[in-house]
Amino acid sequence: MPNSPHANLAPHLKCPQRPLTTGSWRSMRPQVQVEKCNLCGLCDVLCPDGVIKLTAAGLTIDWDYCKGCGICATECYRQAMVMVEEVANV
Amino acid sequence: MFERKFINGNAAVAHAVRMIQPEVIAAYPITPQSTIVEKVAEFIAQGELDAEYIKVESEHSALAACFGAVSAGCRVFTATSSQGLAYMCEMLPYVSGNRMPMVMAVANRGMAAPWTIWGDHQDSVSMRDQGWIQLYVENAQEAFDTCLQAYLLSEDSAVRTPVMVCLDGFVVSHTDELVELPDLQAVQQFLPTYQPLYSIDPATPFTFSIGVAPDRYMEYKYSQQLGMDAALHLIPQISARFAAIFGREQAGLIDAYRCADAEYVLVTMGSVTGTARVVADKLRSSGLKTGVLKVRSFRPFPSKALVEVLSQVKGIGILDRNYSFGNQGALGTEVKAALAGNTAQQQIINFIAGLGGRDIKPSDLELMYQKIVQAVELDTVAQPVEFIGLRG
Amino acid sequence: MINSIKELPAEELVYGSMACAGCGGNLALRLALKVLGKNTVVVTTASCLMGVTTFYPQLAFGVTCVTSVFPGTGAVVSGVVAGLKRKGREDVNVLGFVGDGGTVDIGLQALSGAMERGEKFIWLCYDNEAYMNTGTQRSGATPYGAITSTTPGGPNEMWENRPKKDMLAIAVDHGIPYVASASIAYPDDYIKKIQKAMQAPGPAYIQVLAPCPPGWGHATSQTVAMGRLAVQTGIWPLAEHEQGEFRFTHRPVNRKPVGEYLNQQGRFAHLSPETVSAIQADVDAKWDKFNSGCGF
């Protein structure tokens, strides 16, 4: 009994654990218009999922978790983000 | 070393709590439990117990607050009765399913409607399937002793299951008796400091109480049963260890009184047991081979121990201070299920008595034995479930 | 001290959640945790956000999270606070992150008890104005006129016919040190409020309006825009009540007509011009009270 693989199971687990991705939910994807972007970072702040990051190389988007909601494109006051049709999820 | 105090069952529980030293107590008043948490508050106010006392606004919150404090790695205590236990119902499987060690005193009381404040087992028995260990005591001393054992049991690494210590409302909770209180050192020797398996530590993030899909749920439930199996194994050991340290015999899972050669046995839970022993003695002196079998652990249910005692008995009465409407008393169902297929043909009657605090008199118990004897003599049971002491 | 969006740390303390695209609640949680940091315990309960962050195998929190049963969250918060105190960890932020139903309806009693007891914790109600997790049934926080799955409208006009429960006023009346309304569309304002809540000497209550694309019937891209319009129309004023003092933290200069907010959401699509006018009159009356010096 104490050797049972089921002994002392309690539904508490270390976190975070992220085996799943949500990128496949996207039907549209955001595309940065580099020439318009002034790297203000508002898209990062307002992204519900926090997938946009401001780096030395510019904006990066985590395609594993971007759901394509389009808030970044709506909220960018320089129209530096546009939503384009998702062709193949990568 | 111990002192003797003339106190009631609730005070005995409170003294046990004082020595067990839970770190967090959350409590809401309800008769007949209230004087437990009043006394515990007094101990804290007087500096005899150092604990956080959360004055919650309901029983549901009492157990929810205990759950939060156990998550933080604390030993906790709460108490309730009747409607309060029913109000906690949602939290009960949450605590047991999360494998949270905890002890709750239940001063047993009947369920409204109609309103009653007096004792029966309907409240805790109807929470039978919420994954808690349930230990029923018969007097104030056993209430004290069982609280100490309950913590050791609940916190055992193989058990990790919450425990209800059930004491009959008023008959135990409010009746003064001589109770032996050991000194703190002996209690600490018996019950070491609580070592949580899981506790909140911001440096190591955990998600407590995750959600799972059908492919994982059952294993958690099976694990709870393994915890109960471990408890079934441990309860007699803990009782033996308690007896060795404190010098007082303990019931373990069951207590068999004059059952070795008995032909007629009454199965009981709680405070009626003492009266039943007196009646059994009296009937013995008139030549009837009578015995009393007290069930102390209702969950886990000690089927094997029970069968060992009852297998050669001719007639069995099972006394329930609760009722499962549409069937029979809960203990009746359990005992019959344990015996089924394990013993020879026996005559079994399920007696329902003492609901809503109605006194179960020696004459009622004599009547029960007479009915058992009669059934054995006639080789048939006229009425398998009988209410005893109904008004005409 | 984090007082503006420019100072937010890059680290995400909730990430990879299963929330719908464009979830206002997820944004509210994400920003709050950036301010509170790793030394935080989240207590959450039956809600969208519990479902999308704590369901095996995707455990999205980067901080400890304790899930609660629906009515008990306030008490679980109290238990965690008391337990951490016993363990000498009073430095840990305890955040109750709860939806509107878990706050204003089923969780109100336990929350009231916790606020009354005065322990130090933050209650962040992400208000999406209905039971979104179970399919958009109305809650006490559903606004007048909204269609939900239990106020479906129809020929009998069975849309929500009662005003939104004023939980901010209820929180203020508990005499707690900090109460604020907030919006995900005003992140600087929101972040400052989380910061103040963190420093409050007792219970802090923040209700952040969190638009919900499927529940409100707007495009996923319009979540922040809806939050902004709620403020610009005066439907959701941004204010705080701190140590007995009420003040606006953002005051719309010229309030936009409520129709601009209502007309963009499916849940209000059925409203007649007369009803929209009635809602406008209610909002105007509310602002008359504000302008005469009344707080929440």
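Could you pull out the residue among C:Ala210, C:Ala180 that is out of contact with any Gly (no Cβ under 9 Å at 6 or more places or on another chain) and either under 27 Å from C:Lys120 (Cα atoms) or crowded, with 22+ Cβ neighbours inside 10 Å (or both)?
Unique residue meeting the criteria: C:Ala180.
Name the residue, out of C:Thr223, C:Thr249, that is within 17 Å of the chain's Cα centre (by Cα) and in a strand (DSSP E or B).
Residue meeting the stated conditions: C:Thr249.
With the condition kept exactly as written, say whether any residue in region B:246-257 is touching a Leu at 6+ places or on another chain (Cβ under 6 Å), small (Gly, Ala, Ser) and within 9 Å of chain A (Cβ to nearest Cβ).
Checked region B:246-257: no residue is touching a Leu at 6+ places or on another chain (Cβ under 6 Å), small (Gly, Ala, Ser) and within 9 Å of chain A (Cβ to nearest Cβ).
With C:Ala200, C:Ala230 as the choices, which residue is closer than 17 Å to C:Arg251 by Cα, more than 14 Å from every other protein chain (Cβ to nearest Cβ) and at pLDDT 95 or above?
Just one listed residue meets the conditions, C:Ala230.
When C:Lys196 is evaluated against the numbered criteria (1) closer than 22 Å to C:Gly227 by Cβ; (2) assigned to a loop (DSSP other than H, G, I, E, B), which criterion, by number, is the only one it fails?
(2)
Only one of these is assigned to a strand (DSSP E or B) and more than 20 Å from C:Gln199 (Cα to Cα): C:Thr73, C:Thr44, C:Thr134, C:Thr103. Name it.
Of C:Thr73, C:Thr44, C:Thr134, C:Thr103, the one residue that is assigned to a strand (DSSP E or B) and more than 20 Å from C:Gln199 (Cα to Cα) is C:Thr44.
List the residue pairs whose Cβ atoms are under 7 Å apart, where the first residue sits in region B:54-72 and is without any contact (Cβ under 8 Å) to a residue 40 or more places away in the chain and within 7 Å of chain C (Cβ to nearest Cβ), the second is among the hydrophobic types (A, V, I, L, M, F, W, C) and in a loop (DSSP other than H, G, I, E, B), and the two are 6 or more positions apart or on different chains.
B:Ala64/C:Val69; B:Phe67/B:Met100
In region B:41-58, what residues are crowded, with 17+ Cβ neighbours inside 10 Å, part of a loop (DSSP other than H, G, I, E, B) and charged (D, E, K, R)?
Answer for region B:41-58, where residues must be crowded, with 17+ Cβ neighbours inside 10 Å, part of a loop (DSSP other than H, G, I, E, B) and charged (D, E, K, R): just B:Glu57.
Please determine whether any residue of region C:138-147 is within 14 Å of chain B (Cβ to nearest Cβ) and either among the polar types (S, T, N, Q) or touching a Leu at 6+ places or on another chain (Cβ under 7 Å) (or both).
No: zero hits.
Would you please name the residue that is farthest from A:Asp49 (Cα to Cα), looking only at residues in region C:53-91 that are surrounded by fewer than 23 Cβ atoms within 10 Å (Cβ to Cβ) and more than 7 Å from every other protein chain (Cβ to nearest Cβ)?
C:Gly88
All but one of (1) within 9 Å of chain C (Cβ to nearest Cβ); (2) out of contact with any Phe, Trp or Tyr (no Cβ under 6 Å at 6 or more places or on another chain) hold for A:Gln33, so report the exception by its number.
Among (1) within 9 Å of chain C (Cβ to nearest Cβ); (2) out of contact with any Phe, Trp or Tyr (no Cβ under 6 Å at 6 or more places or on another chain), the lone unmet condition for A:Gln33 is (1).
State which residue is surrounded by the most Cβ atoms within 10 Å (Cβ to Cβ) when the search covers only region B:67-91 and only residues that are closer than 14 Å to B:Ser209 by Cβ and within 20 Å of the chain's Cα centre (by Cα).
Looking at the filtered set, the residue picked out is B:Met91.
Can you tell which of A:Leu54, A:Leu59 is in contact (Cβ under 8 Å) with a residue 12 or more places away in the chain and in contact with a helix residue (DSSP H, G or I) (Cβ under 6 Å, 6 or more places away or on another chain)?
The unique qualifying residue is A:Leu54.
Looking only at region C:23-38, decide whether some residue is farther than 26 Å from C:Lys192 by Cβ and within 18 Å of the chain's Cα centre (by Cα).
no
Tell me whether region A:5-28 contains one or more residues that are farther than 30 Å from B:Leu197 by Cα and in contact with a helix residue (DSSP H, G or I) (Cβ under 9 Å, 6 or more places away or on another chain).
yes
Condition (residue is in the same structural domain as B:Gly211 (by TED's automatic domain parsing), closer than 23 Å to B:Gly354 by Cβ and assigned to a strand (DSSP E or B)) applied to region B:78-99: is it met by at least one residue?
The answer is yes, given that some residue of region B:78-99 is in the same structural domain as B:Gly211 (by TED's automatic domain parsing), closer than 23 Å to B:Gly354 by Cβ and assigned to a strand (DSSP E or B).
Can you tell me which residue is farthest from the other protein chains (Cβ to nearest Cβ) among those in region B:154-187 that are over 15 Å from B:Ala11 (Cβ atoms) and part of a loop (DSSP other than H, G, I, E, B)?
Checking each candidate, the answer is B:Asp183.
Collect the residues in region B:330-354 that are in a helix (DSSP H, G or I) and either at pLDDT below 95 or surrounded by fewer than 21 Cβ atoms within 10 Å (Cβ to Cβ) (or both), keeping them in residue-number order.
Correct list: B:Thr333, B:Lys336, B:Ala337, B:Ala338, B:Leu339.
The values are calculated or read from the model by the stated rules, or taken from the named source; none is laboratory data. In this text, all values refer to a predicted model and were calculated from it rather than measured experimentally. Backbone-built Cβ (ideal geometry, glycine too); neighbour counts: all protein chains shown.
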